[in-house]
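Below: one structure, written as structure tokens.
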């Protein structure tokens, strides 16, 4: 919130666009693993996509922690 009580407008952050690109890239790699994976192709594609989601989850969590710490420093 601003001093006048209104929330600031949302800002498009480059990290969000990079994360979206990595999600799309992970999906593309997972589809490639399914399509050309040979035996157990579905499992290989699932593993690739889950690893992508885990990586992006940790990154998102790190951004949240950083944002909270920065916001906490601004308030004090």
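The values are calculated or read from the model by the stated rules, or taken from the named source; none is laboratory data. Model, not experiment: these values are computed from the prediction. Using ideal geometry, Cβ is built from the backbone for each residue, glycine included, and neighbour counts are taken over all protein chains shown.
For the reader, a short list of remarks on this structure follows.
- Assessment of segment 40-54 against the conditions (surrounded by fewer than 10 Cβ atoms within 10 Å (Cβ to Cβ) and modelled with pLDDT under 95) yields no matching residue.
- Residue in segment 4-12 that is outside any helix (DSSP H, G or I), surrounded by 11 or more Cβ atoms within 10 Å (Cβ to Cβ) and either on the phi > 0 side of the Ramachandran plot or modelled with pLDDT under 95 (or both) present: no
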